[in-house]
Amino acid sequence: MSNTDFPDDELRIEQEFIDGLYARVDALRGGTEAAVADALAQGSTPMQARLERDVLVAERSGLLAALNAVDGSLCFGRIDRTTGTTHHIGRIGIRADDAEHTPILIDWRAPVARPFYLATGHTPMGLRRRRHITTEGRAVTALHDEILDLGDEQRTGHEDPTGDAVLLAALNSARTGRMSDIVQTIQAEQDRIIRAPYRGVLVVEGGPGTGKTAVALHRAAYLLYEHRELLAKRAVLIVGPNPAFLGYIGEVLPSLGETGVLLSTVGELYPGVKATAIDTPEAAAVKGRADMADVLAAVVSDRQALPDPVIAIEHDRDVLMLDDDLVRVARERTREAKLQHNAAREHFEGHILNTLTDMVAERIGTDPYDGTNLLDASDITQIRDELAENPEVWSAIDQLWPRLTPQRLVADFLAEPDGFVSEPDAAAIRRRVTRAWTTADVPLLDEAAELLGEDDRLARAAAERERNEHIAYAQSVLDISYASRTYEFEDKEDGDPDGSEVLSAHDIIDAERMAERQEEDDHRSAAERAAADRTWAFGHIIVDEAQELSPMAWRLLMRRSPTRSMTLVGDPAQTAEAAGVGSWAGILQPYVEDRWEHTRLAVNYRTPSEIMDVAAAVVRAEHPGFEPPSSVRSTGVRPWARATDDLPGAVAKAVAELTPAEGRLAVIAPRDLHRSLAARLDGVTAGKEPDLTRTVVLLDPRQAKGLEFDSVLVVEPSRYGTSDLYVALTRATQALGIVHTGELPPALAAAF
């Protein structure tokens, strides 16, 4: 773009800055790619050099990933101070190569950038002007200036009298099926939450459209910036309600330069398990209750069995009888150690072997005339060793104190829950064959893992085997290296004149040390390592739709956060899961008592007032004192409702009317209607995780939680509970339609 293309100097100045900024970015990107290519070409460098190369590649690749992720609108603002200082604000920080590393672009999270979000005409915070810079790619397309120092008479021609133009443009823009960051439009109430101290538990409550999810994500980015050294090591975990939601928010943090966060559902928080099956509401409610921890403890105790009535063990042409009394003593002594089940097995083995040893010693070592013991200590040791080699002894121990895995324990319990829970609860959760796990099963697996623990001997043996394999592999590499180097030396015509320059890998490192270096060379990010480690303690945890989690799910999450550094985001009015705790005090009292902070977002940025009035009426019918968040805008478009005798046909017609020229439409319907509706909608599928980037998507109310669309069609609202209906009605940014076959719920009918 030439200078003559600019209508005024202000646009030209900003475009020149953007051009210079991207020239710097391109240089960084090109230098990074060249450095990576050069490093990768050094394949035969010594080991330490290869390690340094790997670190360089990892560091620069991280920078490259961040630059690629934020390439769209790297710079979005400028603040002009009354002192004459000017700062440009962007998604990441970029500095010059000079000795002072002068800032070129200020990271939005830096303290110097905070007035961009908080300054007002009443409290200007030292600013005379705040400028929003709108770009498309690398081209500056618009400027919006807010005058904060009313005594400053300088004007640019880009003044925004209300200061709301950029915010309203973002709210009215077409949706893409992926959440966008709000870094350019963070409001003051949101900024205070984003920058709150990371220690302790912060509860962020907000109704639909208040931006609580976006605030939580930006808080994660801010905490990683402010506490980089700590949180980069321990990682930040973000827990969402379903996989579609995680896909929806997945691009926000990369766009802010952060890629080291673990996003997960509760159903993915047990390594090696991904919940794909679906429970009935009754089963999920039973599995989610807090008393399931005691139930599983009872199940484990039940597997620490007693003989019924005896176990006969053949040994050395004799039969040893393990009866109820003998085993009970061994069991009680083992339990007194208060170890996890698998870890305690070694103690139980010792007690049983000692009991059997005493039994054999008494039979063969007692003088029949005077009853004296004829065996010495070495004889006793030999008897014990022989018993330890008897397969029947180990078969008895396996029967009485088996090694258990969490998966086997939980599957067996679900197959036969009778005797551990009431008959109605047993009927709700009984599952004869476990081919796939549900989300409610995962906290049970985690609880079982806590109760069972691991047998250290098996882990140590496995580690030793793996170490020996690494050493053997390293030795073979060194042998090949030595043979190759010797051959090369002998093949030289002149050889080595003084015999002093022939060095091989054998001369500087042995196989054991080489293997250790391989084990230490783990380039996985903290988030990747955390995902594979059930016992990982995260630096901070953010939970979205927190009101939906069951008490058992909270037990799982609290184990992942021993420091109780958490941000919980949700809205009790939207609690739909039967196992959900719903109340913040109910969630937190068992873990932190009353030591938690609560804040509320009260402004609805998503839902127009016309739609919000209808949704609020539904909740007020059940809770008369309910106060919804205040909508900041009105579209003048009223929601509508239609009755029909041909539901698929009426839905297809409504979809044709509501589908926006740009943006996304959601059809929210009971799951059992999805197949019949999808059959009438082009390109729409049922039974799979929805692709939110499609123009039209088909969801049930639970899948729609946390999402937003330009238009929404709600089908058969009378089949929803109040919270599900409230969620469905508040997903639209522009238009809402309702199609039904029977009567509308009375509160909804009264709203039209």
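If only residues of region 362-421 that are within 20 Å of residue 304 (Cβ to Cβ), assigned to a helix (DSSP H, G or I) and of a type in the set (Gly, Ala, Ser) are counted, the one that is most open to solvent (accessible area, probe 1.4 Å) is 395.
With 641, 617, 654, 666 as the choices, which residue is within 18 Å of residue 720 (Cβ to Cβ), in contact with a Gly (Cβ under 7 Å, 6 or more places away or on another chain) and buried (at least 17 other Cβ atoms within 10 Å of the Cβ)?
Numbers: 641 fails: in contact with a Gly (Cβ under 7 Å, 6 or more places away or on another chain); 617 fails: in contact with a Gly (Cβ under 7 Å, 6 or more places away or on another chain); 666 fails: in contact with a Gly (Cβ under 7 Å, 6 or more places away or on another chain).
654 is the lone residue from the list that is within 18 Å of residue 720 (Cβ to Cβ), in contact with a Gly (Cβ under 7 Å, 6 or more places away or on another chain) and buried (at least 17 other Cβ atoms within 10 Å of the Cβ).
For region 685-710, the set of residues classified as under 19 Å from residue 647 (Cα atoms), β-branched (Val, Ile, Thr) and part of a loop (DSSP other than H, G, I, E, B) consists of 685 only. Looking only at residues of region 309-336 that are charged (D, E, K, R) and assigned to a strand (DSSP E or B), we find that the one that is nearest to residue 400 (Cα to Cα) is 323. Scanning region 711-731 for residues that are out of contact with any Lys or Arg (no Cβ under 6 Å at 6 or more places or on another chain), over 19 Å from residue 693 (Cα atoms) and in a helix (DSSP H, G or I) turns up 717, 718, 719, 722, 723, 724, 725, 726, 729. In a helix (DSSP H, G or I), of a type in the set (A, V, I, L, M) and surrounded by fewer than 21 Cβ atoms within 10 Å (Cβ to Cβ): does that describe residue 293? Yes, satisfied.
Every residue, every condition in (1) open to solvent by 10 Å² or more (accessible area, probe 1.4 Å); (2) closer than 18 Å to residue 692 by Cα; (3) out of contact with any Leu (no Cβ under 9 Å at 6 or more places or on another chain); (4) in contact (Cβ under 8 Å) with a residue 40 or more places away in the chain, yes or no:
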residue: 233; (1), (2), (3), (4): yes, no, yes, yes
residue: 238; (1), (2), (3), (4): no, no, no, yes
residue: 242; (1), (2), (3), (4): yes, yes, yes, yes
residue: 250; (1), (2), (3), (4): yes, yes, no, yes
residue: 255; (1), (2), (3), (4): yes, no, yes, yes
residue: 263; (1), (2), (3), (4): yes, yes, no, no
residue: 276; (1), (2), (3), (4): yes, no, yes, yes
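Identify, please: which residue in region 581-596 is assigned to a loop (DSSP other than H, G, I, E, B) and not charged (D, E, K, R) and is, among those, modelled with the lowest pLDDT? Before the answer, list the steps.
Here is the first cut: in region 581-596, the ones assigned to a loop (DSSP other than H, G, I, E, B) are 581-583, 593-595.
From the residues that got through so far, the ones that are not charged (D, E, K, R) too are 581-583.
On the way: 581: 76, 582: 73, 583: 85.
This residue is 582.
Please work out if residue 528 is surrounded by fewer than 17 Cβ atoms within 10 Å (Cβ to Cβ) and touching a strand residue (DSSP E or B) at 6+ places or on another chain (Cβ under 7 Å).
On the way: surrounded by fewer than 17 Cβ atoms within 10 Å (Cβ to Cβ): yes; touching a strand residue (DSSP E or B) at 6+ places or on another chain (Cβ under 7 Å): no.
The answer is no for residue 528.
Filter region 422-437 down to residues that are aliphatic (A, V, I, L, M) and more than 31 Å from the chain's Cα centre (by Cα) and give me whichever is most open to solvent (accessible area, probe 1.4 Å). Filtering region 422-437 for residues that are aliphatic (A, V, I, L, M) and more than 31 Å from the chain's Cα centre (by Cα), the one most open to solvent (accessible area, probe 1.4 Å) comes out as 427.
Scanning region 713-752 for residues that are touching a strand residue (DSSP E or B) at 6+ places or on another chain (Cβ under 8 Å), of a type in the set (Val, Ile, Thr) and open to solvent by less than 20 Å² (accessible area, probe 1.4 Å) yields a total of 5.
Taken as a whole, the condition of being surrounded by fewer than 18 Cβ atoms within 10 Å (Cβ to Cβ), outside any helix (DSSP H, G or I), modelled with pLDDT under 90 and of a type outside the set (Val, Ile, Thr) does not apply to residue 457.
Can you confirm whether residue 611 is assigned to a helix (DSSP H, G or I), at pLDDT 95 or above and open to solvent by less than 60 Å² (accessible area, probe 1.4 Å)? Can you show your working first?
Values: assigned to a helix (DSSP H, G or I): yes; at pLDDT 95 or above: yes; open to solvent by less than 60 Å² (accessible area, probe 1.4 Å): yes.
So residue 611 fits the description; yes.
The residues of region 167-212 that are open to solvent by less than 30 Å² (accessible area, probe 1.4 Å), over 26 Å from residue 539 (Cα atoms) and not β-branched (Val, Ile, Thr), listed by number, are 167, 171, 177, 207, 208, 209.
Applying the condition of being farther than 19 Å from residue 737 by Cα and touching a Ser or Thr at 6+ places or on another chain (Cβ under 9 Å) to region 678-691 and asking which residue is surrounded by the most Cβ atoms within 10 Å (Cβ to Cβ) yields 686. Whenever a residue of region 611-622 is in contact (Cβ under 8 Å) with a residue 40 or more places away in the chain, its partners that are assigned to a helix (DSSP H, G or I) and aromatic (Phe, Trp, Tyr), lying with C-beta atoms within less than 8 angstrom and at least six residues away or across chains, give the pairs 615/726; 618/726; 619/726. Here residue 554 meets the list (1) crowded, with 22+ Cβ neighbours inside 10 Å; (2) without any contact (Cβ under 8 Å) to a residue 12 or more places away in the chain almost entirely, failing just condition (2). Among the residues of region 527-580, those identified as among the basic types (Lys, Arg) and in a loop (DSSP other than H, G, I, E, B) are 534, 560, 564.
Please work out which residue is surrounded by the most Cβ atoms within 10 Å (Cβ to Cβ), limiting yourself to region 311-361 and to residues that are of a type in the set (D, E, K, R) and in contact with a Lys or Arg (Cβ under 9 Å, 6 or more places away or on another chain). So the residue we want is 345.
The values are calculated or read from the model by the stated rules, or taken from the named source; none is laboratory data. A quick note: this is a predicted structure, and the numbers were derived from the prediction, not measured. Here the Cβ is made from the backbone with ideal geometry for all residues, glycine too, and neighbour counts use every protein chain on show. Just so you know, the surface numbers come from the protein's heavy atoms only, side chains and all, with ligands and any DNA or RNA stripped out. Shrake-Rupley method; radii C 1.70, N 1.55, O 1.52, S 1.80 Å.
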